[in-house]
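One structure is given here, and the rest of the page talks about it.
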Amino acid sequence: MIKEYEYSGKTIDEAIQNGLNDLGVSRDDVSIEVLRTAQRGFLGIGSTDATIKLTMEIEGAEEDIVIAAPVAPAAPEPKEKKPAKSIKAEPAKAARSVGPRDSNIDSKEENKAQVFLGEVCKIMGANIVPEIEEKDGQMSISLSGDDLGIVIGHRGETLDALQYLTSIVVNRGREEYVKVTVDAQNYRKKREDTLSQLAHRIANKVLATKRNMALEPMSAYERRIIHYALQDVQGITTFSTGQDPNRKVVIALERRAKAQRKEN
């Protein structure tokens, strides 16, 4: 039977080598297709790894099936970027506060988030306005504007980086930690729903075919969504296997899961 596998790396050669090492084969055993070349970002934000597809023929039909994860929700196409000089000349748009202010969060934290996101998005060439809501000791930031595709990135990777860095900026010097979430047009909820639907669909296939199935490599955040979605499904268990960035979730029959964990 013919199987296809996707792998990523900082370069095309690294992605190919990651795949060959993971599959335990040589270049002569596979056909290689370049799906995406690596792109450099600013300070790591907006960068994307190279992605390749390896196709090979495997004898026998008892192998676990590798299922590709669904394409992330489509982000709005960014408008044509303005010249760099005009971007630098424009002041960052002010953040808008939504709802009542929580006494646990000082206005300084809101200002930190506003200034940081405004400057980073300006450098990225994105015309973005952050809307900040404070509730129950948490800061929720929703990004809106014309260039959301730039700040979301491939499967939300840039959005995750912005959230991580904003959290560091907001919590610097604070004794009590403030949880910070950064979203754009409800992207995270849409992605969560998509992955949850995928998890249940594959779980039904596992129960019907009595064969474990592995999803393609995902981030830790997306793997948690899969685990959570299937935690109460009878007869199904989930576990992660492999090393980052190629770590993936296996959706398995409970009676086969223990044996497969030992193999991995």
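The values are calculated or read from the model by the stated rules, or taken from the named source; none is laboratory data. Only a predicted model underlies this, so the values are computations on that prediction, with no experimental measurement involved. Here the Cβ positions follow ideal geometry from the backbone for every residue, glycine too, while neighbour counts run over all protein chains shown.
A few points about this structure:
- Taken over segment 216-239, the residue count meeting the criterion of being at pLDDT 90 or above and touching a strand residue (DSSP E or B) at 6+ places or on another chain (Cβ under 6 Å) is 7.
- Residue list for segment 150-160, filter: farther than 11 Å from Met124 by Cβ and out of contact with any Leu (no Cβ under 9 Å at 6 or more places or on another chain): His154, Arg155, Gly156, Glu157, Asp160
- Filtered residue count, segment 1-35, keeping only those that are in a strand (DSSP E or B) and in contact (Cβ under 8 Å) with a residue 24 or more places away in the chain: 10
- Scanning segment 13-50 for residues that are within 30 Å of Phe116 (Cα to Cα), out of contact with any His (no Cβ under 8 Å at 6 or more places or on another chain) and modelled with pLDDT under 75 yields Gln39, Arg40, Gly41, Phe42, Leu43, Gly44, Ile45, Gly46, Ser47.
- Some residue of segment 232-244 being more than 27 Å from Leu23 (Cβ to Cβ), of a type in the set (Phe, Trp, Tyr) and surrounded by 14 or more Cβ atoms within 10 Å (Cβ to Cβ): no
Listed here are the residues, each with its yes/no results for (1) under 14 Å from the mean Cα position of the chain (by Cα); (2) modelled with pLDDT of 90 or more.
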| site | (1), (2) |
| --- | --- |
| Ile141 | no, yes |
| Gly145 | no, no |
| Ile168 | no, yes |
| Val180 | no, yes |
| Asp183 | yes, yes |
| Ala199 | no, yes |
| Ala203 | no, yes |
| Ala208 | no, yes |
